[in-house]
1. Please indicate, with yes or no, whether at least one residue in region 264-271 is at pLDDT 95 or above, surrounded by fewer than 20 Cβ atoms within 10 Å (Cβ to Cβ) and either in the same structural domain as W169 (by TED's automatic domain parsing) or among the hydroxyl-bearing types (S, T, Y) (or both).
2. In the list R483, R423, R464, which residue meets the criterion of being modelled with pLDDT of 95 or more and either out of contact with any strand residue (DSSP E or B) (no Cβ under 8 Å at 6 or more places or on another chain) or of a type in the set (A, V, I, L, M) (or both)?
3. Being at pLDDT below 95, more than 23 Å from S431 (Cβ to Cβ) and within 16 Å of the ligand (Cβ to nearest atom) narrows it down to one residue among G358, G371; which is it?
4. Quick one: which residue in V146, V238, V217 is more than 16 Å from the ligand (Cβ to nearest atom), on the phi < 0 side of the Ramachandran plot and without any contact (Cβ under 8 Å) to a residue 60 or more places away in the chain?
5. Is it the case, given these coordinates, that A442 is buried (at least 21 other Cβ atoms within 10 Å of the Cβ) and within 16 Å of the ligand (Cβ to nearest atom)?
6. With respect to T275, is the statement that it is under 27 Å from E411 (Cβ atoms) and of a type outside the set (D, E, K, R) true?
7. Of all residues in region 181-205 being more than 15 Å from the ligand (Cβ to nearest atom) and under 17 Å from L266 (Cα atoms), which is surrounded by the fewest Cβ atoms within 10 Å (Cβ to Cβ)?
8. Given the condition more than 18 Å from the chain's Cα centre (by Cα), in a strand (DSSP E or B) and free of Cβ contacts under 8 Å to residues at least 40 places away in the same chain, answer yes or no: does some residue in region 402-414 qualify?
Amino acid sequence: MTATAKEIWFLTGTQNLYGPETLEQVAKQSQNVVEQLKAGFGASATLTWKPILKTSDEIRRVMLDASADDNCIGVIAWMHTFSPAKMWISGLDALQKPLLHLHTQAGQSLPWATIDMDFMNLNQAAHGDREFGHMVTRMGTARKVVVGHPTEKHVQDRITAWAFACIGWNTSQNLKLARFGDNMRYVAVTDGDKVSAQMKFGMSIEALGINALVAAVAEVSEASAEALCQVYEAEYDVAPELRAGGARHESLVYGAKIEIALRSILEAGGYGAFTSNFEDLGELRQLPGLAVQRLMADGYGFGGEGDWKTSALGAILKSMTPAGGGTSFMEDYTYHFGPGTPKVLGAHMLEVCPTISGQKPKIEIHPLGIGGKEDPVRMVFTAKPAPGRVVCLADMGDRFRLISNEITIVEPTADLPKLPVARAVWEPAPSLAESAEAWILAGGSHHTVLTNSVSLETIEDFARIAKAELVIIDEDTNLRAFRKELQWSASYYRLAAQI
Ligand code: MN
């Protein structure tokens, strides 16, 4: 699930009109622009310079090559000189990868005292890029426009944010998701159109019988499960009763067997995300908790109660998470309306990812009130304070809607000594009352993906690449305007639908 081998191609537009000497300078300067961008590029992909493009045929060819190359996850285009945009029509038509238009110049400052017509002829992006932009807009090609010199931090940061979105899009396009059981009975928001999801996002949502997991658990040897329990004892604060020799050690061994079996099924099938359903566990003795948490920490997406959309979104957001950041499956569970700033207590039955933890997780065993199974083992911790966001993917029937709410993860107001699950406490923007009203009006789900490090800009870039609706709830949200935005947005997406 690493994207380190992936490339983003840097394309430079020009034309033969300028003659070989000038074109040599164009090539050299565009290589230099790529080197300057690399100095501040923070995503796990490589910026690859491609030879300058002088003709319609060259443009079409490189766009076809970019589209066909599995390693290429996005294309940056810059018109160093004037590159008549009719030359770009067939290439843009062929492009199947995300596009970023970098509107820049080789030089940051004008050489006021020496500037002459040679300089003017060489540095024409100010109008060359506008010619290109006209064509991209006219063709309706989704793209991000970034303006500024390649040494400027905001330019490098905005390109990095988009590159993470390209990584997420690549994940989405190639994602296989394993569903163990269907979704929870009668629940609306976890259901959805899996065919439309594949057409829109590329993801393949596949059903697996729970018996496949039960059988795989039965095959796991005691020795390998015990070895994994040793890893648990080394990495986490394991409750004494679960440790080797403890009275309930066998439950931990069974939890380890679930992890080994689940991991082997996911690896063998090339799955990057999965779901479970506590109503549909077959002969499984525990609801998978610890196993799900550990797999999420390794980058797998997860959704409870058969929620494949949140699971898929989790895998996508995890792949867009910068190193050291945290992203988890989450559920708005219960509220603190006051006194003090109103807060959300988020958790799930068991399955919260330890990448959002600020402490060494404990492994504990407690009863689960529902499901009628044995007590499951789980990691318990509290999410570390950080700014972040919760994101969901809702199926509106005629389209998918992404909703993102800016939040601040905070320390719980008091200790939670009797709460036996991992949790996060946050203050949503602009306030709990306004955030929840907006979220409910937008039809957002109770399941979300919480991230403390995928930027809102990356989420916006991802939505633009996917041509998916995105609704943002943040400090600037005004409910009156928000209600109108939902109406306009519904109209737009119904008009824009391509059937
Ligand atoms: Mn749930």
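1. There is at least one residue in region 264-271 that is at pLDDT 95 or above, surrounded by fewer than 20 Cβ atoms within 10 Å (Cβ to Cβ) and either in the same structural domain as W169 (by TED's automatic domain parsing) or among the hydroxyl-bearing types (S, T, Y) (or both).
2. Every option except R483 fails the conditions.
3. Exactly one residue qualifies, and that residue is G371.
4. V146
5. Considered against the rule, which asks whether it is buried (at least 21 other Cβ atoms within 10 Å of the Cβ) and within 16 Å of the ligand (Cβ to nearest atom), A442 comes out as no.
6. no
7. Once the filter is applied, the top-ranked residue is S204.
8. The answer is yes; a qualifying residue exists.
The values are calculated or read from the model by the stated rules, or taken from the named source; none is laboratory data. Because the structure is a prediction, the values reported are computed rather than measured. Neighbour counts are summed over all protein chains in view; Cβ atoms, including those assigned to glycine, are modelled from backbone coordinates with ideal geometry.
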